[in-house]
1. In what order do 158, 146, 182 fall by count of nearby beta-carbon atoms within 10 Å, going from fewest to most?
2. Starting from the Cα-Cα distance between residue 261 and residue 209, subtract it from 0.36 nm times their residue separation and give me the gain in nm to one decimal.
3. Arranged from highest to lowest average of other beta-carbon atoms within 10 Å per residue, in what order do the peptides 161-170, 373-382 appear?
4. Rounded to the nearest 10 degrees, what's the angle between the helix 342-351 long axis and the longest principal axis of the chain, both from Cα atoms, 0 to 90?
5. Taking the DSSP beta bridges in the chain as the whole, what percent of them are antiparallel, to the nearest 5?
6. Report the residue, chosen from 52, 217, 387, that carries the largest GNM mean-square fluctuation when the chain is represented by alpha-carbon nodes joined by springs under 10 Å.
7. Looking only at 404, 189, 305, which one moves most when the chain is put into a Gaussian network model with springs between Cα atoms under 10 Å?
8. Helix-only estimate, please: 222 nm mean residue ellipticity of the chain, summing -39500 (n - 2.57) across DSSP H runs of length 4 or more and dividing by its residues, to the nearest 500.
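Nothing in this text is a laboratory measurement; each read-out follows from the coordinates by a stated rule. Predicted model only: the values in this text are computed from it and were never measured. In this analysis, Cβ positions are derived from the backbone assuming ideal geometry, glycine residues included, and neighbour counts consider all displayed protein chains.
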């Protein structure tokens with residue numbers, strides 16, 4: 001499907017933020033690992049969360065849901081011996097479940113998205129699991145990956161945090177179930193520490209004890225723990241809302257986004273401060289972000305490591321700022337559904353944005369008068385790229401046509417519907 005984004009004159013209205021994808025997938029996993037029945041209120045509905053639902057069902061969890069909640073009767077440390085798991089295009093789901101697969105006899109994670117997830121590396125997690133004595137067959141660190149489970153007992157292992165924090169989170173979910181205590185040392189650097197904090201928060205809610213160093217580079221995990229069934233309420237999603245807020249920032253607007261808690265531990269909460277520093281008129285109170293955009297922004301320099309999934313939306317907003325903006329410490333964007341630095345910058349340039357890249361930076365020379373647009377651009381099967389390019393299209397003179405726009409459903413299935421409800425003009429071509 002192609003989405004045709006028309007230039008926007010005015011955006012106005014109120015929307016409810018989606019439920020957080022990151023928290024939903026974590027709550028689903030700890031619910032499956034619990035011995036008993038857990039309840040999740042207001043779970044996210046997206047391709048990623050649906051992939052986790054599907055896979056934990058395959059592994060033996062009993063999942064029931066209605067319009068507001070989901071109940072999960074978990075399998076604890078005894079998943080079914082399934083032969084294959086298909087996570088779709090959900091990288092975090094794959095990585096989390098690779099560790100859980102050590103409790104199965106033999107599981108192959110299939111490669112159903114060779115042009116997206118199939119290109120992403122998982123060597124760091126594979127190396128860590130092999131340190132526990134797990135036998136793994138892989139395609140140069142990529143899918144398909146076959147894990148032959150054994151009876152890992154624990155011990156000392158290392159994991160690199162230089163590419164993704166998801167490898168560490170994966171180990172933190174699995175190691176409490178091992179027979180003996182485990183020590184994890186993080187090598188090199190650790191990207192997205194705030195997201196690791198979310199993992200630790202959810203584990204604590206599930207009754208798991210983990211001793212973490214203050215710098216999050218070393219962990220001691222007691223073995224033979226049991227996940228407790230619990231009740232969880234999913235908060236509003238900042239990463240997806242970042243794109244709505246950026247769209248309001250670059251246009252004439254009066255937009256309110258609800259269910260965005262001021263004290264959320266989501267790193268992407270920082271996008272509110274980024275937009276404020278760009279001079280966007282907004283308030284944030286009582287869980288509501290209210291943007292009254294006038295389309296005038298100023299450039300800035302931002303460390304993007306803390307709000308990884310909001311960076312592209314902020315880059316799109318900076319395309320219309322006065323001056324040059326720099327987003328640095330974002331190399332991990334290269335290892336997502338696509339290379340979110342090179343691929344994204346290439347598409348920005350097609351649209352008329354003056355952008356450049358460094359190994360771990362995106363630099364944008366803003367154009368306050370807008371960009372030309374009028375071209376077809378490639379989203380590279382990436383939901384964050386789709387949303388960011390939509391922002392650019394709204395402020396272009398001739399609009400943009402975005403290929404493969406249906407992949408926005410990976411995290412935000414009703415993204416276009418929400419924008420249209422605010423007054424955006426968007427058409428679709430099958």
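1. Listed from fewest to most nearby Cβ atoms, that is 158, 146, 182.
2. Net length gain for the segment: 16.1 nm.
3. Result, highest mean first: 161-170, 373-382.
4. Compared with the principal axis, the helix lies near 20 degrees.
5. Percent antiparallel among DSSP bridges in the chain is about 60.
6. So, out of 52, 217, 387, the one fluctuating most is 217.
7. Checking each option, the largest mean-square fluctuation is seen for 189.
8. That comes out to -8500 deg cm²/dmol.
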